[in-house]
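Structure record follows, encoded as structure tokens.
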Amino acid sequence: MKLALLFLGLAWPTPLHAQEAAQEKVSFERDVVPLLRARCHGCHQPAKAKGKLNLTRYDSLMRSEDPVVVPGKPEESLLLELVMPFDDELPEMPEDAEPLSAEEIDVLRRWIAEGAVDDSTAKPGPLVDAEHPPVYPCLPVVTSLAYSPDGTMLAVTGWHEVFLYPTKDKEGLPLARLVGLSPRIESICFSPDGTHLAVGCGTPGMEGELQLWNVEKKKLVLSTRATFDTLRGLSWSPDGSRIAFGCADRSLRVVEAKTGKQVLYQATHEDWVLGTAWSVDGSFLVSVSRDRSLKLVEVATEQFIDNITSITPGAVKGGLMSVHRHPERDELLVGGADGIPKAYRMHREQKRVIGDDYNLLRNFPSMHGLIYAVEWSPDGSRVAAVSGLGKKGEVCVANAEDGVEIWRHEFPFGVYALSLDSSGTRLALAGDDGIVREYALQDGSLMRKFPSAPVAAKKPGPPTSQESAQ
């Protein structure tokens, strides 16, 4: 065994700072969990347990079919063997990723040598996976919706999961529940060919996760981590090879859909990046942010090109929250905190003059509150937007060419999610009340509504705080 040989024949190379802290025991909660989360959870979690190994919980780590950790015996622990190099060979894990550093390996070695103790102060929550899906005491807030390109399915966000609903089922019974590791889901988006679903999610204040699911097999095929908060504003490149998303660290990022490898990084925004969209040919990328700007980036060079919106202070009143590209032209529909959907041209055609807003094509009817989602119809003839503030929300559909309002509905709750089907006949929306509603795009007539998630039977007793708030 290569690990045993290393322990018998070599003194462990301990970094200077580790020597200085030799008297301090390694903490599972403080030192080991963040390491496993960053380097191992992508392939070893309930939804994607390679080698039948789940490293997301202490109990599952210690109960693996093969003993990967032997407390007090690092030289007999498979976990350590898999991450260690031997001679000129790269370690077996992490697969297709940078090997663990000497410092990271030393953390694992010391923790195992010290008895592999679980010192977690917080008790783990109930196990959540495909066999133990989330239980809902009340309907969850819906943050994102997405029709499949062929119009047969509607994806709906839940807690730890995405539901896939058939569009022809009036009962609203899910085809599948795609249960993943991250609790908070902010953005979902089907690939152009409909074979995969990308999920922007994470644990607030801790990490962001991008999940990629095979729609036909209902299987997680990719999980990659980025930043310290949930990921937002997902969009696929037109050829389906890359996925863009926004981050709370002010960055815009792009990864390869097959590998999760990061291929673009831009940090020109001054606040959270909330939405992304690609040019028709995929050579440019735009992003919107809470910093009130709509920025243009050249994909091949990762170079910032232009602020599409006016740069005059106060010209854009409030952060921008959503963006969607016209189906045939490089024109952008944008929504934000000022409650006015706007259409912009993507590429500047004349020299910028301070104070101008040349790229603005037109404003659409104003709405109540913040605009959370916008979308062109598949033929580009109409635009739709949803908004909310306090106990009021709206949906508005307007003519794309002249901005004239066609229909509008008001609700006693905020509306955060919107999707139009590929036929241009249906509009789905959802928000605070957890009910998915589908309307005819033509005239706004209600076609169907159903709960976004199954609600558990209520037990006798006083209502929970969440139930009281509904």
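Being hydrophobic (A, V, I, L, M, F, W, C), farther than 30 Å from Pro94 by Cα and crowded, with 24+ Cβ neighbours inside 10 Å is the filter here; which residues of segment 268-293 pass it?
Passing the criteria: Leu274, Leu285, Val286, Val288.
Whether any residue in segment 369-377 is at negative phi and either surrounded by fewer than 18 Cβ atoms within 10 Å (Cβ to Cβ) or at pLDDT below 95 (or both) is what I want to check. Working first, answer last.
Filtering segment 369-377 down to residues at negative phi leaves 370-377.
Within this subset, residues satisfying the condition of being either surrounded by fewer than 18 Cβ atoms within 10 Å (Cβ to Cβ) or at pLDDT below 95 (or both) are none.
No, the conditions are met nowhere in segment 369-377.
Residues checked against (1) among the basic types (Lys, Arg); (2) surrounded by 18 or more Cβ atoms within 10 Å (Cβ to Cβ); (3) under 24 Å from Val397 (Cβ atoms); (4) over 21 Å from the mean Cα position of the chain (by Cα):
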| residue | (1), (2), (3), (4) |
| --- | --- |
| Gln266 | no, yes, no, no |
| Thr309 | no, yes, yes, yes |
| Glu328 | no, no, yes, yes |
| Glu331 | no, yes, yes, yes |
| Gly339 | no, yes, yes, yes |
| Tyr344 | no, yes, yes, yes |
| Val353 | no, no, no, yes |
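Only one of these is assigned by TED's automatic domain parsing to the domain that holds Leu420, at pLDDT 95 or above, within 22 Å of Asn363 (Cα to Cα) and not aromatic (Phe, Trp, Tyr): Ser283, Ser322, Ser310, Ser241. Name it. Give the steps one after another, and end with the answer.
On the way: Ser283 fails: within 22 Å of Asn363 (Cα to Cα); Ser310 fails: at pLDDT 95 or above; Ser241 fails: within 22 Å of Asn363 (Cα to Cα).
The conditions single out Ser322.
For the structure I just gave you, tell me whether Glu104 is farther than 17 Å from Val33 by Cα and either part of a loop (DSSP other than H, G, I, E, B) or among the acidic types (Asp, Glu) (or both).
On the way: farther than 17 Å from Val33 by Cα: no; either part of a loop (DSSP other than H, G, I, E, B) or among the acidic types (Asp, Glu) (or both): yes.
For Glu104, the condition - farther than 17 Å from Val33 by Cα and either part of a loop (DSSP other than H, G, I, E, B) or among the acidic types (Asp, Glu) (or both) - is not met.
Could you please give the count of residues in segment 188-238 that are of a type in the set (Ser, Thr, Tyr) and in contact with a Phe, Trp or Tyr (Cβ under 7 Å, 6 or more places away or on another chain)? Write out each step before concluding.
At the first step, the residues of segment 188-238 found to be of a type in the set (Ser, Thr, Tyr) are 191, 195, 203, 223-224, 227, 230, 235, 237.
Then keep just the ones that are in contact with a Phe, Trp or Tyr (Cβ under 7 Å, 6 or more places away or on another chain); that gives 191, 235, 237.
Total satisfying the criteria: 3.
Limited to segment 339-380, what total is found for residues that are under 22 Å from Ser187 (Cβ atoms), part of a loop (DSSP other than H, G, I, E, B) and either without any contact (Cβ under 8 Å) to a residue 24 or more places away in the chain or of a type in the set (Ser, Thr, Tyr) (or both)?
Residues meeting the conditions: 1.
Can you go through Arg232, Arg250, Arg225 and tell me which one is modelled with pLDDT of 95 or more, surrounded by fewer than 20 Cβ atoms within 10 Å (Cβ to Cβ) and assigned by TED's automatic domain parsing to the domain that holds Tyr372?
Details: Arg232 fails: surrounded by fewer than 20 Cβ atoms within 10 Å (Cβ to Cβ); Arg225 fails: modelled with pLDDT of 95 or more.
Every option except Arg250 fails the conditions.
Looking at the structure I just gave you, is Leu441 in contact with a Leu (Cβ under 6 Å, 6 or more places away or on another chain) and either surrounded by fewer than 13 Cβ atoms within 10 Å (Cβ to Cβ) or modelled with pLDDT of 95 or more (or both)? Step through it out loud before you land on a result.
Values: in contact with a Leu (Cβ under 6 Å, 6 or more places away or on another chain): yes; either surrounded by fewer than 13 Cβ atoms within 10 Å (Cβ to Cβ) or modelled with pLDDT of 95 or more (or both): yes.
Answer is yes for this residue.
Give the residues of segment 184-203 that are within 19 Å of Val128 (Cα to Cα) and modelled with pLDDT of 95 or more, sorted by residue number. Give the derivation first.
Here is the first cut: in segment 184-203, the ones within 19 Å of Val128 (Cα to Cα) are 184-186, 199-203.
If the condition is that a residue be within 19 Å of Val128 (Cα to Cα) and modelled with pLDDT of 95 or more, then Arg184, Ile185, Glu186, Val199, Gly200, Cys201, Gly202 are the ones that fit.
Inside segment 408-438, can you point out the residues that are part of a strand (DSSP E or B), touching a Ser or Thr at 6+ places or on another chain (Cβ under 9 Å) and either surrounded by fewer than 22 Cβ atoms within 10 Å (Cβ to Cβ) or outside the structural domain of Gly393 (by TED's automatic domain parsing) (or both)?
Residues of segment 408-438 that are part of a strand (DSSP E or B), as a first pass: 408-411, 415-420, 426-431, 435-438.
Imposing the further condition that a residue be touching a Ser or Thr at 6+ places or on another chain (Cβ under 9 Å) reduces the set to 415-420, 426-431, 435-436, 438.
Once the filter is applied, which keeps residues that are part of a strand (DSSP E or B), touching a Ser or Thr at 6+ places or on another chain (Cβ under 9 Å) and either surrounded by fewer than 22 Cβ atoms within 10 Å (Cβ to Cβ) or outside the structural domain of Gly393 (by TED's automatic domain parsing) (or both), segment 408-438 yields Arg426, Ile435.
Here are Pro166, Pro91, Pro134, Pro99: which of them is over 23 Å from His324 (Cα atoms), touching a His at 6+ places or on another chain (Cβ under 7 Å) and either surrounded by fewer than 19 Cβ atoms within 10 Å (Cβ to Cβ) or aromatic (Phe, Trp, Tyr) (or both)?
Numbers: Pro166 fails: touching a His at 6+ places or on another chain (Cβ under 7 Å); Pro91 fails: touching a His at 6+ places or on another chain (Cβ under 7 Å); Pro99 fails: touching a His at 6+ places or on another chain (Cβ under 7 Å).
Answer to the selection: Pro134.
For segment 207-219, does any single residue satisfy the condition of being β-branched (Val, Ile, Thr) and over 12 Å from Met153 (Cβ atoms)? Can you show your working first?
First, the residues of segment 207-219 that are β-branched (Val, Ile, Thr): 215.
So of that shortlist, the ones also over 12 Å from Met153 (Cβ atoms) come out as none.
For segment 207-219, residues β-branched (Val, Ile, Thr) and over 12 Å from Met153 (Cβ atoms): absent.
Going by the conditions given, is Leu80 in contact (Cβ under 8 Å) with a residue 60 or more places away in the chain, farther than 22 Å from Leu181 by Cα, in a helix (DSSP H, G or I) and more than 30 Å from the chain's Cα centre (by Cα)? Before you say what the answer is, go through the steps one by one.
Working: in contact (Cβ under 8 Å) with a residue 60 or more places away in the chain: yes; farther than 22 Å from Leu181 by Cα: yes; in a helix (DSSP H, G or I): yes; more than 30 Å from the chain's Cα centre (by Cα): yes.
Yes: the conditions hold for Leu80.
Would you pick out the residues in segment 86-99 that are under 28 Å from Lys258 (Cβ atoms) and either assigned to a helix (DSSP H, G or I) or touching a Lys or Arg at 6+ places or on another chain (Cβ under 9 Å) (or both)?
Passing the criteria: Glu89, Met93, Pro94, Glu95, Asp96, Ala97, Glu98.
Among the residues of segment 168-195, write down those that are under 20 Å from Ala428 (Cα atoms) and not hydrophobic (A, V, I, L, M, F, W, C).
Within segment 168-195, Lys168, Asp169, Lys170, Glu171, Gly172, Pro174, Arg177, Glu186, Ser187, Ser191, Pro192, Gly194 qualify.
The values are calculated or read from the model by the stated rules, or taken from the named source; none is laboratory data. Model, not experiment: these values are computed from the prediction. Positions of Cβ are generated from backbone atoms using ideal geometry, with glycine treated the same way; all protein chains shown enter the neighbour counts.
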